Each structure stands twice: as structure tokens, then as C-alpha cells.
Amino acid sequence: MTRQATNFYLGLFPFTLVFWIWALKNTIGMDAGAWDWGVASFGMVLVTTAYVLGTRSADGLPYGLPRILVTASHVLVAMNYIVGAIIGFHVLHRPMFGTYCVTFVFVWLGIAWYGREVIVKAEGSLD
């Protein structure tokens, strides 16, 4: 795996961990039955990022379905933020929260795109 890919995923892990802890804190602090889907979506990113970092050798790059799952986990976070934006603007009437969610939709779509690009680049460097 290229240094660029390794550095990206090494940086992504602690970034995601902060948001996962925040989502877990929100879930624990909510009324019974409430759930912050960030626990699941950020958890998936943590798992797939750990997978990528664990398969950094040339013969263990995430090809095929695993690579799709890595990208899909990032898109799942963006989808969670889309739901948050809808709730923020239309249910809670909290435009600042809605704006925060819209911003992070684009952040996570960018992470999905860039993360896929660095994996593809790493695969190309093996030829």
C-alpha cells in the first residue's frame, strides 16, 4: 500500500473514533429506546479502516467486495448525516444542526471518494 493510503487511513481512524464516541455518548444519554445511528455507521468505518490498515502488505490490498465495503461504510455515514439534516431542518427546526449535517454529508462523500482513490492508486502501484 502506498504511503498516501496508509497515512490517510491512519488519520481517518482517530477522526472516526472521536465521532463514534460522541454518537455512543449521545445514545447513552438519550431516553430509553433512542438510538444514534452514528454508533453503527461510524463503527462500520472503524472496522473497515482497521481492515485496510491490517492488510497493508502488497498481497493483502482490499480488492473487490472488501474495497466496496470500505467505500460503502463511508457513504453510510454520509447517508446518516442526510437523515440528520432532514430531521434538523424539518422535524426539530434546528437549522444550525441541519447545516452541520449537510456539511458533513459532503465531508464524508469526499472521504469516500478520496479513500477509494488512494486504494485504487495503491493497487496500480503493484503492477
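Results, tabulated for the structure shown:
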quantity	calculated
Under the Karplus curve 6.51 cos²θ - 1.76 cosθ + 1.60, θ = phi - 60°, whole-Hz ³J(HN,Hα) for the stretch 82-92, x wherever Gly or Pro sits	4, 4, x, 5, 4, 5, x, 7, 9, 9, 7
Residues with amide H under 5 Å from that of THR2, placed H, sequence gap 5 or more	ALA122
Mean Cα-pair separation over length for the chain, i.e. relative contact order, pairs under 8 Å, 6 or more apart, %	29 percent
Over the chain: helical MRE at 222 nm, DSSP H runs n ≥ 4 each giving -39500 (n - 2.57), nearest 500	-27000 deg cm²/dmol
Measure of compaction for the chain (Cα Rg per 2.2 N^0.38 Å)	1.15
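No value in this document is a laboratory result; all are computed from the given coordinates. As the structure is a prediction and not an experimental result, all values here were calculated from the model.
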